[in-house]
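Note sheet for the following structure.
The values are calculated or read from the model by the stated rules, or taken from the named source; none is laboratory data. Just so you know, these numbers come straight off a predicted model, no measurement behind them. Backbone-built Cβ (ideal geometry, glycine too); neighbour counts: all protein chains shown. Side chains included, ligands, DNA and RNA excluded: accessible areas come from the protein's heavy atoms. Shrake-Rupley method; radii C 1.70, N 1.55, O 1.52, S 1.80 Å.
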Amino acid sequence: MVSTHPTGVQHSGSQYLPQRRDINANPSPNQELLPLTARVHNHDSLEIAGCDVTTLVEQFGSPLYILDEETLRSACQQYRDAFKQHYKGESQVLYASKAWNCLAVCAIAASEGLGIDVVSGGELYTALQAGVSPNKIYLHGNNKSREELVLAIESGVTIVADNWYELRTLVEIAGEQGSRGAGGAREVNSPSSSPSPLPIRIMLRLTPGIECHTHEYIRTGHLDSKFGFDPNDLGEVFTFVSQQPTLNCVGVHAHIGSQIFERQPHQDLAAVMVQWLRDAGKYGLNITELNVGGGLGIKYTESDDPPSIEEWVKAICEVVQEACAVENLPLPKLLSEPGRSLIATACVTAYTIGSSKVIPEIRTYVAIDGGMSDNPRPITYQSVYRAVVANKMSYPLTQTVTIAGKHCESGDILIKNALLPKTEPGDILVVMGTGAYNYSMASNYNRLPRPAAVVVANGEANLFLQRETYQDLIRQDSLPERLKI
Ligand code: LLP
């Protein structure tokens, strides 16, 4: 897949640039390797949204996450528009913010009309602080704490109930809230006129028993999963919920896994979920929302071939519409909650190359100034990434090297067998497709400060996550008096 120059020399960079197939092409971000605004300028330099990557690193430091606003917005719009075009009922796309939960990303997604899926009190708090409307926030989780549930209830967000323990806890909390009167458990300084949090708006998460081909750790729809109610308990769950005046069950939810390239599992899921809708009616529940989860894959390497956002949405809409027609059911409000396919391709991580080690006949290691702390996916899931050298975009690809992180761990390898131009210390290595599950899973392993993140648009770069400092690293430390030396 590497482009070959007329001289017969392989050239880097350009083969990864977004493919503008024709002037009106609206590339699906999840089918590209680099952000949509990536260009080579001055022959050798990579720019994103009109910002020179090497200059960004000089300005904001290294490593640096660079988020292309246009690519993220375009993915949001493509999801939204595809549902409008292919679904005759109401629809709502939620951004699965576990992919990257922070104020700026939540705000961009919400400004495109998306709701936000959160999975913890921390993600919920962040989404609320970003100004996201509570009626577009959905709280997930297989073991939500009482505090998280109370925060969700009092904020007025929808809770996706995962299990019996949670349902009973919700009924219990509702009882306490009810006996205290509307808004009784609110903070002292919150407005007393705020609406009653009862009944609690919930959805039910069920395990659909659908297998899909993805990494074992990111598969959730098969029956042996920690998430969701067993579908064999469906009748019992519906009966229980229909008898609770403090619970307002509006829909059903399922999620079958992540980084999925086939359309069939989601189509099967949609068909199964319509059966659940039908069954809910038999138990006196009027369910009007159906959430098919996320899971559409992205292109991390040239050989990855996911369907486009529009193709994926269309496939699901068709099945839901057909199944509802067969069952003679009104169309539910259709929700989906993509994470990776919204944000992964929009971001690259820029690193500075430092040391290298040549082991003759075996391998050449080229080390960068980050690694498993800013991108834990290769060591966790054996994920494969592609990289370019931002200041050598047109240089011939003359070496196959292994990109090593700087952590004290032999497995801290970002890319095995990367085809690159000859590199030197100070070159800027850009790893592509790092917007999803990189910052959000980043750690301070070896006490490395987390990198900064900038959002780029129209030649402008704005910091949205500051680089951590050494002071930040010891902020939560305390040294008990008797341990002082
Ligand atoms: N909804 C639910 C309930 C989920 O659990 C997930 C992802 C999503 C939506 C979004 O799925 P996506 O569209 O991003 O595939 N850390 C792993 C991925 C874990 C996914 C967890 N759940 C990784 O780095 O590959």
The chain: angle of helix 146-155 to the longest principal axis, Cα-based, in degrees nearest 10: 80 degrees
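From the protein chains alone at 1.4 Å, what is the descending order of accessible area for TYR437, TYR87, largest first?
Values: TYR437 40, TYR87 10 Å².
Order by accessible area, largest first: TYR437, TYR87.
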Label-to-label distance, nm, for residues given as LYS84 and ASN232 (7 Å Cα→Cβ offset): 4.6 nm
Under Karplus coefficients 6.51, -1.76 and 1.60, residue-wise ³J(HN,Hα) of the range 257-266 in Hz, glycine/proline x: x, 10, 6, 9, 9, 8, 8, 4, x, 6
Along each principal axis, Cα extent of the chain, largest first, Å: 73, 68, 41
Using θ = phi - 60° and Karplus 6.51 cos²θ - 1.76 cosθ + 1.60, couplings along the range 37-42 (whole Hz; Gly, Pro as x): 8, 5, 9, 9, 10, 6
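Less than 12 Å Cβ to Cβ from ASP427, Lys/Arg counted +1 and Asp/Glu -1: what total charge do the surrounding residues give?
Details: positive: LYS392, LYS422; negative: ASP44, ASP369, GLU424.
My count for the surroundings of ASP427 gives -1.
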Proportion of all alpha-carbon pairs of the range 77-137 beyond 13 Å (%): 57 percent
Percent of C-alpha pairs per 10 Å bin, the range 70-343, short to long: 7, 30, 37, 21, 5, 0
C-alpha long axis of helix 309-327 to longest principal axis of the chain, angle in °: 20 degrees
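So what is the calculated 222 nm ellipticity per residue for the chain, using -39500 (n - 2.57) for each DSSP H run with n of 4 or more, over all residues, to the nearest 500 deg cm²/dmol?
Values: 12 runs with 131 residues, N = 485.
Helix contribution divided over all residues of the chain: -8000 deg cm²/dmol.
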